[in-house]
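Asker: Supplied in structure tokens, the structure appears directly below.
Every read-out reported here was derived from the displayed coordinates using simple, explicitly stated rules and does not represent laboratory data. What you see is a predicted model; the values in this text were computed from it and never measured. Virtual Cβ from ideal backbone geometry, glycine too; neighbours counted across all protein chains shown.
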Amino acid sequence: MQTDTIAAREQDIVEEFSMFDDWMGKYEYLIELGRDLPLIEEAYKTEEYRIHGCQAQVWLRAAFRDDKVYYKADSDAFITKGLISLLVRVLSDQPPAEITRAQLGFIDQIGLKEHLSSTRKNGLGAMVKQMKRYALGFGNSDTRRSRLTK
């Protein structure tokens, strides 16, 4: 069994967040995760790569190599940057079919949906949707060749 699956990564995150007794600690950890996110290149901080539906600005780039999707992202808001860093950590370096099927149960398990404002929840949904949209595009053999660097 592969240990670096989406499910294994989700479980790691659930365990990390379980170490905190309150949501202030979890928010601080989320911000710390965002600080550690490898930054997207400035050339991709454009409207073309911006995720719409987020109150904060979020940019997402996906690349397809060796039958896997790799994501890079950034945001201009600390908590949003932490959220996208979790999604990149879970979904990057995975096959397109696995990404599109991912249920991302860790989001509920660590309590994100119940502790985020409605605008942040909407933004989180938009981030997930865009990441799955990229994976779906890469999973389609007709578009795969033309979207290797998008």
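Asker: Which of rounded, prolate or oblate describes region 1-149 when judged by the alpha-carbon gyration tensor and an a/c cut-off of 1.5?
Answerer: oblate
Asker: Relative to the first principal axis of the alpha-carbon coordinates of the chain, what is the inclination of helix 6-17, with its axis defined by its Cα atoms, in degrees from 0 to 90 and to the nearest 10?
Answerer: Helix 6-17 sits roughly 20 degrees off the main axis of the chain.
Asker: Can you give the extra length, in nm with one decimal, that the chain gains between Phe78 and Glu32 once fully stretched, where that is 0.36 nm per residue apart less the Cα-Cα distance?
Answerer: Gain on extension, Phe78 to Glu32, equals 15.7 nm.
Asker: Charges only on Cβ, +1 for Lys and Arg, -1 for Asp and Glu: so what's the dipole of region 48-133 about the Cα centre, in debye to the nearest 20?
Answerer: 140 debye
Asker: Taking only pairs that are 8 or more places apart or on different chains, how many Lys pairs in the chain have Cα atoms under 12 angstrom apart?
Answerer: 4
Asker: Taking only C-alpha pairs under 8 Å that are 6+ residues apart, what is the relative contact order of the chain in percent?
Answerer: 27 percent
Asker: Output the 0 to 90 degree angle, nearest 10, between the alpha-carbon long axis of helix 118-139 and the longest principal axis computed from the alpha carbons of the chain.
Answerer: The answer is roughly 30 degrees.
Asker: Still on this structure, I have one more. Quick check: residue separation of Thr5 and Trp23 times 0.36 nm, minus the Cα distance between them. What number comes out in nm?
Answerer: 3.8 nm
Asker: Related question: If I histogram all Cα-Cα distances within region 1-83 using bins 5 Å wide from 0, what percent of pairs lands in each bin?
Answerer: The distribution over region 1-83 is 3, 13, 18, 20, 20, 16, 8, 3, 0, given as percents.
Asker: Right, here's the next one. Could you tell me how many degrees, from 0 to 90 and to the nearest 10, lie between the Cα long axis of helix 78-91 and the main elongation axis, the longest principal axis, of the Cα atoms of the chain?
Answerer: Once rounded, the angle reads 50 degrees.
Asker: So, with +1 on the Cβ of K and R and -1 on the Cβ of D and E, and no other charges, what is the size of the charge dipole of the chain about its Cα centre, to the nearest 20 debye?
Answerer: Dipole magnitude for the chain comes out near 800 debye.
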